[in-house]
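Here is the structure we will look at, set down as structure tokens.
The values are calculated or read from the model by the stated rules, or taken from the named source; none is laboratory data. As the structure is a computational prediction, the values presented were derived from the model and not from experiment. Neighbour counts are summed over all protein chains in view; Cβ atoms, including those assigned to glycine, are modelled from backbone coordinates with ideal geometry.
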């Protein structure tokens with residue numbers, strides 16, 4: 001099913017951040033006149049193709065801000081002709097430990113963006129048993145050169161991932177997760193044990209409530225703090241909240257004119273992790289995440305509006 005690594009040269013270069021998980025070709029329809037309904041057709045003149053998923057967006061944002069970054073994922077043999085995957089390579093992100101699948105095409109998501117929200121349909125058979133990638137020698141070499149591993153995938157089954165994460169953490173890696181909207185994982189009784197192996201987790205408000213069973217986002221964040229060292233809950237236009245050392249901190253975002261919310265949460269993760277690996281205080285990491293998440297909504301695709309590091313620092317002074 002799987003062939004070897006894409007390149008060898010990138011594995012010889014040090015990376016601070018490894019983003020591991022699911023890569024998608026995002027087909028984004030935006031500026032819709034009305035939301036799609038079953039049995040009807042909605043037309044728009046606005047369409048674009050982008051690298052999507054937590055791997056692409058988080059890695060592109062972090063790398064765009066100056067963090068040496070690697071992406072580890074699985075793509076189909078069509079990736080050689082896939083402009084989204086080629087954009088990832090041209091960005092300077094190291095992809096040498098990723099795999100080609102001879103059996104499945106690269107995962108695809110169709111996004112329909114309307115009034116600050118979006119709906120998505122995904123085909124991602126290629127992402128089954130993604131945890132097996134962690135055992136590959138190329139991935140192990142990549143991780144030995146890294147400081148932090150961010151997991152941008154469903155983490156199913158949780159017990160298998162917990163064992164894998166525990167082993168990586170014992171080597172000195174710090175680890176973060178963004179599970180996304182995967183109800184079976186979010187509501188799994190095995191999730192707390194998995195999160196105890198992590199430095200950060202990055203749910204949005206609905207995901208945090210599903211993970212904890214709490215109705216208020218504040219209570220959800222406090223409950224998550226019993227499982228993970230620093231839970232960061234993303235609140236969209238309202239910014240984010242974090243619990244650290246028993247204290248709840250809320251940080252606001254910046255006002256923007258939103259076009260497409262696809263990938264905004266993953267862009268937040270890239271900004272936050274850039275700050276973390278730059279040894280910024282937690283408040284500045286949160287500000288960076290909020291700004292990158294907000295900027296991502298101003299254009300279609302989560303990685304189409306990455307601020308420069310200089311611009312990021314300027315905007316951080318405003319919040």
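Scan (1) modelled with pLDDT of 90 or more; (2) assigned to a loop (DSSP other than H, G, I, E, B) for the single condition residue 37 breaks and write down its number.
The failed condition is (1).
Within region 55-87, which residues are closer than 18 Å to residue 146 by Cα and assigned to a helix (DSSP H, G or I)?
Within region 55-87, 55, 56, 58, 59, 60, 61, 62, 63, 64 qualify.
If you take just the helices (runs of 4 or more DSSP H) that sit entirely in region 187-259, which of them hold at least 2 residues that are surrounded by fewer than 22 Cβ atoms within 10 Å (Cβ to Cβ) and touching a strand residue (DSSP E or B) at 6+ places or on another chain (Cβ under 8 Å)?
217-224
For region 78-89, what are the residues that are within 16 Å of residue 52 (Cβ to Cβ) and surrounded by fewer than 23 Cβ atoms within 10 Å (Cβ to Cβ)?
Passing the criteria: 78, 82, 83, 86, 87, 89.
So which residues in region 98-125 are within 18 Å of the chain's Cα centre (by Cα) and closer than 24 Å to residue 149 by Cβ, if there are any at all?
98, 106, 107, 109, 122, 124
Filter region 276-319 down to the residues that are part of a helix (DSSP H, G or I), surrounded by fewer than 16 Cβ atoms within 10 Å (Cβ to Cβ) and at pLDDT 95 or above and list them by number.
283 - this is the single residue of region 276-319 that is part of a helix (DSSP H, G or I), surrounded by fewer than 16 Cβ atoms within 10 Å (Cβ to Cβ) and at pLDDT 95 or above.
With the condition kept exactly as written, say whether any residue in region 52-59 is in contact (Cβ under 8 Å) with a residue 24 or more places away in the chain, surrounded by 15 or more Cβ atoms within 10 Å (Cβ to Cβ) and farther than 29 Å from residue 277 by Cβ.
Of region 52-59, the ones in contact (Cβ under 8 Å) with a residue 24 or more places away in the chain are 52-59.
Keeping just the survivors that are surrounded by 15 or more Cβ atoms within 10 Å (Cβ to Cβ) gives 52-59.
Now narrow it down to the ones that are farther than 29 Å from residue 277 by Cβ: none.
There is no residue in region 52-59 that is in contact (Cβ under 8 Å) with a residue 24 or more places away in the chain, surrounded by 15 or more Cβ atoms within 10 Å (Cβ to Cβ) and farther than 29 Å from residue 277 by Cβ.
Among 179, 175, which is buried (at least 18 other Cβ atoms within 10 Å of the Cβ), in a loop (DSSP other than H, G, I, E, B), at negative phi and under 16 Å from the mean Cα position of the chain (by Cα)?
Matching residue, one of 179, 175: 179.
Return the residue satisfying two criteria in turn: it lies in region 277-315 and is in contact (Cβ under 8 Å) with a residue 60 or more places away in the chain and in contact with a strand residue (DSSP E or B) (Cβ under 8 Å, 6 or more places away or on another chain), and of such residues it is farthest from residue 18 (Cα to Cα).
300
When the residues of region 92-138 are narrowed to those that are within 22 Å of residue 37 (Cβ to Cβ) and in a loop (DSSP other than H, G, I, E, B), which ends up modelled with the lowest pLDDT?
116
Determine which single condition residue 159 fails, assuming it passes every other condition in (1) in contact with a strand residue (DSSP E or B) (Cβ under 8 Å, 6 or more places away or on another chain); (2) loosely packed, with under 15 Cβ neighbours inside 10 Å.
Among (1) in contact with a strand residue (DSSP E or B) (Cβ under 8 Å, 6 or more places away or on another chain); (2) loosely packed, with under 15 Cβ neighbours inside 10 Å, residue 159 violates only (1).
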